[in-house]
Amino acid sequence: MINKAMGLLEWAMLVLLSILWGGSFFFIEVALSDLPPFTLVFLRVSLAAGVLYLVVRATGARMPRDWRVWSAFAAMAVLNNVVPFSLLTWGQTQIASGLAAILNATTPLWTVVVAHALTSDEKLTAGKIAGLALGFLGVVLMFGTAALDGLGLAGLAQIACLVATLSYALAGIYGRRFRAMSVAPLATACGQLTAAAMMLLPVALLVDEPWRLAPPGTETWAAIGGLVLLSTAAAYVLYFRLLATAGATNLLLVTFLIPVTAILLGAFVLGEALEREHLLGMAFIAAGLIAIDGRVARAVRRLFSGKKDSTDPEYFQGRDI
């Protein structure tokens, strides 16, 4: 059974993953100044796949050859790379990176619903339902009165980001199967990105016609390097390692931490500013994720009752089980 209560090491990995993924919004913002969305996404996944393949070979490991594993890689690539990367990257051509990161933070809200429907060990609870209500209220607050003015490109970009988060949630559930298939996190990350690159190549060629583009500048190549090495290659090795032990719901709490990184980078480097309703919406999303996680509620119950909660790992210490 997947470990539900994360230890210190898992929390440290989660924070590190949030930094790696939070930086992606900044790198994308910079790279979009020279590159169209599909070309940028293709470079991101193809170069990261190449880096991870070199690591696989350097460590003496081998990529799986079973067609069933590669078909699973392809499905995971659609859910975890092709759809969300494309939608989020296009979305950032219309909205600020900080807002895109906040919308990305709704991923766990979708995840608890999908996990309840499709798994036997990550079911909805009262705390999760309360968290969903708070989280979706946060999303509504972020849309604000502008959402009533009709859907322009900015409104469509926000919807695209939300669809991307649903795709991430489905990927979190689907990706649990790689542990059962005995595929290592490094090989899973490499296989997923390789499949994504093969799918995105014809799209980038047909839509963007990259041979007509001017050569990217130094800043763009530096941003691509950070996006490939840190926010994709390294991040997905952590992602699949955490998914195997912490479960989809816990893992995708990382998207609550991502806006903090993206907002700081956007504010201090790009000079972006978020409106008050965006910050208020993020506060409600944070409250929702805290309720979904459940640790605060259990701590309060223990404080007032003086008893340990049976869902707390410490409950079993000293007991025969």
Exercise. What number of residues within the range 66-82 satisfy the criterion of being under 18 Å from ALA169 (Cα atoms) and surrounded by fewer than 20 Cβ atoms within 10 Å (Cβ to Cβ)?
Worked result: 3
Seminar exercise, completed: If we ask which residues in the range 88-146 are open to solvent by 30 Å² or more (accessible area, probe 1.4 Å), of a type in the set (Ser, Thr, Tyr) and under 28 Å from PHE268 (Cα atoms), their number turns out to be 2
Exercise. Within the range 153-210, restricting attention to residues that are hydroxyl-bearing (Ser, Thr, Tyr) and assigned to a helix (DSSP H, G or I), which residue is farthest from SER71 (Cα to Cα)?
Worked result: THR165
Exercise. Yes or no: LEU35 surrounded by 20 or more Cβ atoms within 10 Å (Cβ to Cβ), modelled with pLDDT of 85 or more and assigned to a loop (DSSP other than H, G, I, E, B)?
Worked result: yes
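Rundown of residues vs (1) under 14 Å from GLY50 (Cα atoms); (2) of a type outside the set (Gly, Ala, Ser); (3) in contact with a Cys (Cβ under 9 Å, 6 or more places away or on another chain), yes/no style:
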| residue | (1), (2), (3) |
| --- | --- |
| ALA169 | no, no, no |
| PRO185 | no, yes, no |
| CYS190 | yes, yes, no |
| TYR236 | yes, yes, yes |
For this session: Would you mind telling me which numbered condition in (1) under 30 Å from LEU124 (Cα atoms); (2) assigned to a loop (DSSP other than H, G, I, E, B) VAL15 fails?
Result: (2)
Exercise. Would a scan of the range 166-186 turn up a residue that is open to solvent by 70 Å² or more (accessible area, probe 1.4 Å), out of contact with any Pro (no Cβ under 6 Å at 6 or more places or on another chain) and of a type in the set (Lys, Arg)?
Worked result: yes
Problem set entry | Per-region count, the range 278-312, residues at pLDDT 75 or above and open to solvent by 80 Å² or more (accessible area, probe 1.4 Å) | 6
Seminar exercise, completed: Contact list, first residue from the range 24-50 and more than 17 Å from VAL207 (Cβ to Cβ), second anywhere and acidic (Asp, Glu) and open to solvent by 20 Å² or more (accessible area, probe 1.4 Å), beta-carbon distance below 7 Å, six or more apart or interchain, is VAL30/GLU219
Exercise. How many residues does the range 169-226 hold that are touching a residue at least 24 places away in the same chain (Cβ under 8 Å) and under 18 Å from VAL78 (Cβ atoms)?
Worked result: 28
For this session: Among the residues of the range 187-216, write down those that are of a type in the set (Gly, Ala, Ser) and either surrounded by 13 or more Cβ atoms within 10 Å (Cβ to Cβ) or within 22 Å of the chain's Cα centre (by Cα) (or both).
Result: ALA187, ALA189, GLY191, ALA195, ALA196, ALA197, ALA204
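The values are calculated or read from the model by the stated rules, or taken from the named source; none is laboratory data. Source: prediction; values computed, not measured. Cβ sites come from the backbone with ideal geometry, for glycine too, and all protein chains shown count toward neighbours. Please note that ligands, DNA and RNA were not included when accessible areas were found on the heavy atoms of the full protein model with its side chains. Shrake-Rupley method; radii C 1.70, N 1.55, O 1.52, S 1.80 Å.
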